[in-house]
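Here is the structure we will look at, set down as structure tokens.
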Amino acid sequence: MPLASTSAVSIRRGFRGFTLVELLVVIAIIGVLVALLLPAVQAAREAARRSSCTSNLRQTGFAALNYESANKRFPCYLAGFDYSDPKATPDSQGRNHQHTGVLTMLLPYMEAQTVFTMFDSNVKVGIQTYDKPYYDLAKTVAWEASHANLSTLLCPSVGSEPPQTRRISKVWGFLGGGALKFSSEGFEPEFNIGITHYLGNAGVYGQVGPGLTYQMNGISRVVDDELIGLFGIRSKIRVGQVLDGMSQTMMFGEAPGTIGTSIPDDNVAGKFDGFTQGYAWAGWGTMPTEKGLDLAFEQNLAQGGNYLTKRWYYGSVHSGDVVLFCFADGSVHPLNKNIDKTLYLSLSTIRGEEAVSSDAL
């Protein structure tokens, strides 16, 4: 018994805790390891999000190609040809227009048949059809369907946060004051309509009216002939009409809207941080490219605003200053935000017949 008691005392005397210095060293080592590992973890997560975004764009592109295969034309948007006011309903000929378009037509090819069935049961969705807009008060079923959130149309890097001030339904180019300009229309935030972070390529300005020209690289080009994209007003563009080549023509691109800090808004007083303006998938689903990808001009405007992305621009929140685009052959490529503007615009036309090297992608 005395031997057992002596052994127990010996064990208790042999135990020693950490000193304060040792504890601080351990904490410092753990902090360094976390600091080293955290960027790697964040980079891995961003790589996964970018991969998912690429997959979403590719799925949207394949949906358009499958639509073309089944219908012998790419989808379009259902608006009027009153070029000074294409959103007019009724138009100058007394016809109503649905003001929906490309992404709505693709729903059956994107595993969203239920949403399309609801929409189509209340608003005719066809190139030869005319109906009141999907947001008309009488179109309750289509309006309800337009509130659906479709994961395939959302970039994981942007997230599911709703825009704070506006959901843009349509963007168009027009002749005003002797110059081509842009305009848009949308919904206030209380109308919680579903959004998209991807839009179809309408060309340099979209359709602006017969005979209007745009100077591109010192050459006068007819906008509605030489500078159109894959998706237009009640257009019937087929694969065989993409004369510039399917692999050299943009089909869809990232377009989350306006994201940044200290952002002014045209419709709401004050400045905002975060995601302020997004795009409604049930709208036209397209955007012109004339603005380019470089936001330097917007950053230098007097009213301020530090923009990561901005409305009327294709843009991205991915690292590396790139924007992902799905081309007409279904391939997805990142384009640098500093891409030569003439090259960028050339990639947005279906029959501009510009010489574009495959090395540019």
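Rule-based calculations on the coordinates, nothing more; no lab input. All figures in this text were calculated on a predicted structure; none of them were measured in a lab. Here Cβ is always computed from backbone atoms with ideal geometry, including for glycine, and neighbour counts include all displayed protein chains.
By the count of neighbouring beta-carbon atoms within 10 Å, fewest first, 153, 308, 23 end up ordered 23, 308, 153.
Each label was represented as a point 7 Å from its Cα along the Cα-to-Cβ direction; for residue 294 and residue 47 these points are 3.1 nm apart.
In plain terms, the C-alpha convex hull of the range 142-276 casts an average shadow of 10.9 nm² when viewed from every direction. As a test of the formula, what do you get for the chain when each DSSP H run with n ≥ 4 contributes -39,500 (n - 2.57) and the sum is divided by the residue count, at 222 nm and rounded to the nearest 500 deg cm²/dmol? Rounded to the nearest 500, it is -9000 deg cm²/dmol. The ranking of 326, 53 from fewest to most other beta carbons within 10 Å of each one's beta carbon is 53, 326. Net length available on complete extension from residue 192 to residue 336 is 48.6 nm, with 0.36 nm assigned per residue and the Cα-Cα distance removed. Projected onto their three principal axes, the Cα atoms of the range 201-248 cover extents of 28, 23, 15 Å, largest first.
Model label points for residue 343 and residue 149, set 7 angstrom from Cα along the Cα-to-Cβ axis, are 3.8 nm apart. Using the Cβ-Cβ distance between residue 219 and residue 121 with R0 set to 51 Å, the FRET efficiency works out to roughly 0.60.
Relative contact order of the range 61-215: what whole-number percent is it, with Cα pairs under 8 angstrom and at least 6 residues apart?
On the way: 206 pairs, mean separation 27.4, N = 155.
It comes to 18 percent, rounded to a whole number.
Is the C-alpha gyration tensor of the range 214-355 telling us rounded, prolate or oblate? Criteria: a/c under 1.5 is rounded; beyond that, a/b larger than b/c is prolate, otherwise oblate. Cα axes put the range 214-355 in the prolate bin.
Can you give the FRET efficiency to the nearest 0.05 for residue 241 and residue 261, using r as the Cβ-Cβ distance and R₀ = 51 Å? My answer for the efficiency is 0.75. When Cα extents along the principal axes in Å is calculated for this entry, the matching label among (1) 81, 51, 38; (2) 111, 49, 45; (3) 90, 73, 28 is (2).
If you take every DSSP beta bridge fully contained in the chain, what fraction is antiparallel? Give it as a percent rounded to 5. Percentage antiparallel, nearest 5: 85. Ordering 318, 333, 197 from the fewest to the most neighbouring beta carbons within 10 Å gives 333, 318, 197.
Rounded to the nearest 0.05, the FRET efficiency derived from the C-beta distance between residue 93 and residue 66 at R0 = 22 Å is 0.10.
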